[in-house]
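What follows is one structure encoded as structure tokens, with my remarks underneath.
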Amino acid sequence: MPVFIALLRGVNVGGNILKMERLREICAHLGATNPRTYVQSGNVVFEAAGSASAWEEKLEKALAGESRLPVSVIVRTAAEMSKVLAGNPFLREKGIDTARLGVTFLREAPSKAALAALTALDIGRERYHHAGKDIYLHCPDGFGNSRLYALDKVLKLRATTRNWNTVGKLCAMCAT
């Protein structure tokens, strides 16, 4: 059975609370097998029939009303997440600090207009690399004040960002 990773946006920040136990219960109720979460920010790995896009819709619908604000869900297959892990262009650079890397996962590939808006941003020393439905980030001054860490408003797409450590842990969880 396929392995999926669901990434929830805006969970357990700003008073938008969702217990991970409840998230696992919802996944199981929807037909997912062996749902397991990582940290409290809305990351869940599970096995299930169906497609990533079908699970995005199912989970968003099931999560409606579970938290104070609506929750967007981005779902990737284990194979897609593995490609993300292997494809980070910043890792080719000598001495790169992986604690300063992240990935923004998009629901769909951005339009040319969305990419133009991203290019127009004043991002200082920060850098990005667009690859289909993912945008790799390098934020040398950290994520706290990063202009790139919350790209959903700039791109006008459903998106969520994870640091590089989380991406690696989620990939490892797919193998268990």
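The values are calculated or read from the model by the stated rules, or taken from the named source; none is laboratory data. Note that this is a predicted model, so its numbers are computed, not measured. In this analysis, Cβ positions are derived from the backbone assuming ideal geometry, glycine residues included, and neighbour counts consider all displayed protein chains. Just the protein is used for accessible areas: all its heavy atoms, side chains included, with ligands, DNA and RNA removed. Shrake-Rupley method; radii C 1.70, N 1.55, O 1.52, S 1.80 Å.
A few remarks follow.
- Yes/no for GLU25 being over 19 Å from CYS171 (Cβ atoms) and surrounded by 17 or more Cβ atoms within 10 Å (Cβ to Cβ): no
- Qualifying residue in the range 122-129 (condition: at pLDDT 95 or above, of a type in the set (Lys, Arg) and within 30 Å of MET1 (Cβ to Cβ)): no
- Flag for LEU170 being among the hydrophobic types (A, V, I, L, M, F, W, C) and out of contact with any Asp or Glu (no Cβ under 9 Å at 6 or more places or on another chain): yes
- When residues of the range 38-86 are limited to those that are in a loop (DSSP other than H, G, I, E, B) and open to solvent by less than 30 Å² (accessible area, probe 1.4 Å), the one modelled with the highest pLDDT: ALA48
- Total residues in the range 135-160, condition under 14 Å from the mean Cα position of the chain (by Cα) and open to solvent by 20 Å² or more (accessible area, probe 1.4 Å): 5
- Per-region count, the range 104-134, residues surrounded by fewer than 15 Cβ atoms within 10 Å (Cβ to Cβ) and of a type in the set (Ser, Thr, Tyr): 2
- Subset of the range 87-99 [open to solvent by 30 Å² or more (accessible area, probe 1.4 Å) and in contact (Cβ under 8 Å) with a residue 60 or more places away in the chain]: THR98, ALA99
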